[in-house]
Amino acid sequence: MRTILALLSLICLSLAVSKEDMDRLVENSTSVIKELRAGTEGIPEELLKKARGVIVCPGLIKGAFIFGAGGGNCVVSYKNPNTGEWSAPAFYTLAQASFGFQIGVESVDLLLVVNTDRGMRSLLRSKVKLGADVSVAAGPAGRSASASTDINLKADIYSYSKARGVFAGVSLQGAVLIPYEDGITAYYGKKLTPREILFGKVHMPSSAIEFTKTLKASTTF
């Protein structure tokens with residue numbers, strides 16, 4: 001756990017962040033969602049329809065040499081179940097560590113579908129550990145498939161990684177998410193909490209408009 005927290009600190013503090021950096025993160029996340037929409041396989045429609053939110057981590061860096069670690073910044077949006085509208089984006093940092101005989105470095109796109117209100121509420125904490133504070137499962141695959149690993153879609157969060165244009169379930173047990181406060185401040189020009197962004201009313205930056213439109217189109221069938 002200490003290793004993961006150290007990795008989170010490095011990701012958050014390694015470079016000064018600008019509005020342009022955050023615009024790029026949102027735009028890259030929009031591209032990930034567009035690729036999801038274009039694919040014929042991947043995440044079941046049933047899961048996307050009932051999603052309470054999404055966490056998109058484009059270009060997540062995974063490196064390993066005996067000790068494996070991965071991390072990067074993510075865009076989060078909440079879907080209002082009454083209106084079907086998606087919130088302005090909040091920003092988080094994700095890190096995961098693992099042990100094993102492994103070597104290599106790769107960049108992957110990660111998509112987490114938040115399946116329950118409990119899953120969304122967990123993101124309001126200062127830190128959330130997936131698999132401990134909130135349940136997480138590798139997402140079922142197949143656009144029309146039922147969730148064979150969890151037939152009633154009971155997990156709070158389902159996780160997917162994208163490789164070669166296909167979304168497939170991936171384990172994120174033990175990964176940690178924390179709010180990316182510097183990124184939020186850079187993007188909105190002032191300090192805001194994830195609660196104010198996800199469940200309140202904030203000005204929607206121009207780069208977020210395309211992101212939320214793409215989300216709505218990709219989760220409505």
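The values are calculated or read from the model by the stated rules, or taken from the named source; none is laboratory data. Given the structure is predicted, the values throughout are model-derived calculations rather than measurements. As a convention, Cβ positions derive from the backbone with ideal geometry for all residues, glycine included, and neighbour counts pool all protein chains shown. Please note that ligands, DNA and RNA were not included when accessible areas were found on the heavy atoms of the full protein model with its side chains. Shrake-Rupley method; radii C 1.70, N 1.55, O 1.52, S 1.80 Å.
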Requested in this report: Filter the stretch 208-221 for residues that are modelled with pLDDT of 90 or more and of a type outside the set (A, V, I, L, M, F, W, C) and give the result.
Outcome: E210, T212, K213, T214, K216
Report summary line: F101: passes all of (1) of a type in the set (F, W, Y); (2) at pLDDT below 80; (3) buried (at least 21 other Cβ atoms within 10 Å of the Cβ) but (3)
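What are the residues in the stretch 50-77 that are open to solvent by 30 Å² or more (accessible area, probe 1.4 Å) and at pLDDT below 85, if any? Even if it seems obvious, please write down each step before you answer.
So in the stretch 50-77, the residues open to solvent by 30 Å² or more (accessible area, probe 1.4 Å) come out as 50, 52, 59, 61-62, 65-67, 69, 73.
The answer is I61, K62, F65, I66, F67, A69.
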Query raised in the report: Is the stretch 78-92 home to any residue that is modelled with pLDDT of 80 or more, farther than 30 Å from K190 by Cα and either open to solvent by less than 10 Å² (accessible area, probe 1.4 Å) or of a type in the set (F, W, Y) (or both)?
Result: no
Requested in this report: Could you look through the stretch 198-216, keep only residues that are aliphatic (A, V, I, L, M) and touching a Phe, Trp or Tyr at 6+ places or on another chain (Cβ under 8 Å), and pick out the one that is most open to solvent (accessible area, probe 1.4 Å)?
Outcome: V202
**Report entry** Residues that are open to solvent by less than 40 Å² (accessible area, probe 1.4 Å), in contact (Cβ under 8 Å) with a residue 40 or more places away in the chain and within 25 Å of E35 (Cβ to Cβ), drawn from the stretch 168-192
**Finding:** V170, L172, A175, L177, Y180, G183, Y187
Query raised in the report: Does L8 meet the test of being modelled with pLDDT under 90, under 30 Å from N82 (Cα atoms) and of a type in the set (A, V, I, L, M)?
Result: no
